[in-house]
Amino acid sequence: TCLCSPFAEKTGKVLGEFCRCYKEQYGVALFNSVRYEIEGNGGPQAQLLHRKVPLEDHVIYSGNIFQYIEDNKKWRNRFCVVPHNYGLVLYENKLAYERELPPRVLVNSAGYKVLTSVDQYLELVNNSLPGVTPKSGHSPILKCPTDFPLILWHPYARHYYFCVMTGKEQDKWRAVFQDCVRHCNNGISEDSKVEAPAFTDAVRMYRQSKEQYGTWDMLCGNETQVLSNLVMEELLPELRSAIGPRLKGKAPERQRTWIQISDAVYRMVYEQTHAQYEAAMARCEQERPQLESTIRTDMDQIITSKEHLASKIRAFVLPKAEVCVRNHVQPYISSILEALMTPTSQGFAEVREVFFKEVTDMNMNVVNEGGLEKLAEYMEKLSHLAFHPVKMQSCYEKMDQLKLEGLQQRFDVSSTSVFKQRAQIHMRQQMDDAVHTFETLLHQELGKLQGKDDLCKSIQRILERVLKKFDYDSSTVRKKFFREALLQITIPFLLKKLAPTCKGELAKFQELIFEDFASFILVENTYEEVVLQSVMKDIMQAVKEAAVQRKHNLYRDSMVMHNSDPNLHLLGEGIPIDWGEEYPGQPEPEPAGQGDRRRRAKQVVSVIQDDEGALPYEMGGEALLQPRSSELQDPGAPRGSPDGVREIREALARESLGDGAGREEEEEEQLTNGRESVSVPPEPSLHHAAPASPKARADVPDVPAEGGRVTPASSPAPGAEGAGTACHQPSDQETGEDVAPPGPPQPTGTTESGEGVQTEF
């Protein structure tokens, strides 16, 4: 308690400074938004349709996974559900999910890293508290009962430990967790044309005032999460020096205590940040009508005043900036661009290939199996392709090749993760646009078709049209990304280089701004715009030359694809297509009262069933979970028992030797740890991403006619049911972290099993 007061005071001070920055940037962002609305700034028109209504009420993934419970040092089998909002929701078991009982844990994964190695995790933990490292031979902070761990690590918040039984499962869950992190990291909505840019600019200006330039890895999550990270970045050194010397016990115990203290402080900061930021936003929103009225009335005068200020700053800064660009930036632009282009191009080429393969396989399956009912079944699955973590993984992993090598140190880029993540989000968006355009065009054609031959030819023709549109749009998106990424890398470097000679002189330009317009024109922002202009010409030229050389299938800027489907965008305005409702197959009998819930939690793609057959740890997991009270403490377990590892291994060994007795009695509550379901989330808001380019245009092979039976390249897993078809649907609140015991929701504290309650993030 004695430590809370100074940290709360420090938090209030940081937030006070930030809120002043935010208020300044709010007026600038509002002016830019109104100016854009009046003047417009049309770029190339997208050829693909954009899905306006996100896919809702779908479970992305669900299945059983072992979780390590820190309070009682036991591994427990949990049923994990990833709803459309990408929160990780952990239930006691599948039965609890189907009975709509409250979940045990809810995790918002913004800011987390997904680790698949205990050694990698231990290295991060050892680095978090310098000087506290377990001696050789001592037990580490974490032991895993299998060779396939999955760990969610955060620099400030609590960590989550999971494991599975096979490498295949680990790969699937890793793809799912990474998808959750990718989505949750982009928590600042781009639909907001004022608040979002005001916030991100305020964060950048605040950090630059502390001499921190360049990309920032912890610009993750919603506004409150980002601000909490900003505060913790400053608090952590003080916290470490204040708490570190007081920690007692062996090294692993001190590390555990440190993680718990850091998490507790992070939650305190989060609550304080949420309150102060909400109050700052409310004040700005209250002033908005008056500010907007002034902007609309005096738009011309504001623009003239800003241009006058820019001309004066340009005369002072530009000569210095141009020398800096010529000597320190220009020679490296082509190298940076090439490093960015190669992996993003390969990623987008993979998006194109996956889309082509899925549609072609669907066409073959329809030819072989026949009928509109089968088409509807496959289209229902295809419509969710962009949100299938496993199928999209081959696209996303191309960005792992992104390395700036020596350039990263030269330009003070702390990490390439910002660019990788942005590219991956663009890949998902382009895939969904392609799928949505394809299904819209096909849906329009269905009424005109006669027989399977017509259907097959129509699918192939529409696929070719969509691929052309995809190539054009991906080129546009990639070129925009390359320009933005180059600016993100070079501008902070230039600002840092110019700061000693320029920044101190900026105050004298303040007198050039009329007082009435001071809310919309800032010297610092105008200075940055001048610096941007000094390098923009070189960046535009580099991207243009890459397009002229046809590197990575970029189209030239002069290449304008006119809308060959003038009515296509009107089709996109219609009601979303529900293939299952419009073209239903034979309905399966379902228990009374389950229909509504099944529609709410539709399972689209089933992905789990390892080739080895049933996993031995279905029974092993259940054996460990038998009595509920055992979660509190196993009185028979020796005190030095290694976190339940021995018990799990023995149970798994018994099961793998055929110890399946009693399976029938437990059939109702059986946990199938090898059966998950992939389904669709809503489109995420895009925030800080980099588009990848299509590598090559694949020719569309001829699709066989009805006579020749073709073996489908991708068919649904036999007998794979969607897990949790009748289940509790978590609300958007579940993107926050929380822990709730079964039964009525409990107040903040600890659950009856000792698991700590997690506040919403």
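So, with a 1.4 angstrom probe, what is the percent of accessible area on segment 81-134 that is carbon and sulfur?
Working: 800 of 1750 Å².
Summing carbon and sulfur atoms, their accessible area is 46 percent of the total for segment 81-134.
The K551 and S394 beta-carbon pair, evaluated with R₀ = 22 Å, returns a calculated FRET efficiency of approximately 0.45.
Here the Karplus curve 6.51 cos²θ - 1.76 cosθ + 1.60, taken at θ = phi - 60°, turns the phi angles of segment 331-339 into couplings of x, 10, 4, 5, 5, 4, 4, 5, 4 Hz, with x standing for Gly and Pro.
What length, rounded to one decimal in nm, is gained on full extension from E338 through to D412, with 0.36 nm per residue of separation minus their alpha-carbon distance? Kindly include the intermediate steps, with their values, before the conclusion.
Values: separation 74, 0.36 × 74 = 26.64 nm, distance 1.83 nm.
Full extension of this stretch gives 24.8 nm more.
Using the beta-carbon distance between K403 and D191 and R0 = 30 Å, what value does 1/(1 + (r/R0)^6) give for FRET efficiency, to the nearest 0.05?
On the way: r = 33 Å, r/R0 = 1.12.
So the FRET efficiency works out to roughly 0.35.
Summarising the label geometry, the points placed 7 Å from Cα in the beta-carbon direction at E271 and R465 lie 5.8 nm from one another.
Return the FRET efficiency for the residue pair Q301, A242: r is the Cβ-Cβ distance, R0 is 51 Å, and the value is rounded to the nearest 0.05.
Result of the calculation: an efficiency of 0.45.
In order along segment 190-201, the Karplus-derived 3J(HN,Hα) couplings, from 6.51 cos²θ - 1.76 cosθ + 1.60 at θ = phi - 60°, round to 7, 5, 7, 8, 10, 5, 5, x, 4, 5, 5, 5 Hz, and Gly and Pro are given as x.
Computed 3J(HN,Hα) for segment 542-548, one whole-Hz value per residue from the Karplus formula 6.51 cos²θ - 1.76 cosθ + 1.60 where θ = phi - 60°, is 5, 5, 5, 5, 5, 6, 4, glycine and proline marked x. Restricting segment 317-420 to GluC sites (Glu not before Pro) that sit in a DSSP loop and have at most 11 other Cβ atoms within 10 Å of their own Cβ leaves E405. Full extension of the chain between Q444 and A279 gives 54.5 nm of extra length, using 0.36 nm per residue less the Cα-Cα distance. Working ranking of peptides 425-437, 288-300, 323-335 by packing, defined as the average number of other Cβ atoms within 10 Å per residue, highest first, is 425-437, 323-335, 288-300. The listed peptides 151-158, 340-347, 260-267, ordered by packing as a protection proxy, come out as 340-347, 151-158, 260-267 (highest mean of other Cβ atoms within 10 Å first).
Look at where the Cα atoms of segment 182-261 and of segment 491-511 average out, and the two centres are 26 Å apart.
Full extension of the chain segment joining K250 with Y36 gains 71.0 nm, where the gain is 0.36 nm per residue of separation less the Cα-Cα distance. Under 5 Å from the amide H of I69 lie the amide H atoms of K74, W75, R76, each residue being 5 or more positions distant or on a separate chain, with H modelled from the backbone and absent for Pro and chain starts. Between the listed residues N365, L407, Q430, the Cα displaced farthest toward the positive end of the dipole of segment 324-472, a dipole computed from Cβ unit charges relative to the Cα centre, is found at L407.
Of all the accessible heavy-atom surface of segment 211-307, with the other protein chains kept in place and a 1.4 Å probe, what percent is carbon and sulfur?
Details: 2290 of 4510 Å².
Answer for segment 211-307: carbon and sulfur cover 51 percent of the accessible area.
The values are calculated or read from the model by the stated rules, or taken from the named source; none is laboratory data. Keep in mind it's a predicted model, so treat the numbers as computed, not measured. Every residue, glycine among them, receives a Cβ derived from its backbone with ideal geometry; neighbour counts consider all protein chains shown. Surface accessibility is based on the protein's heavy atoms, side chains included, excluding ligands, DNA and RNA. Shrake-Rupley method; radii C 1.70, N 1.55, O 1.52, S 1.80 Å.
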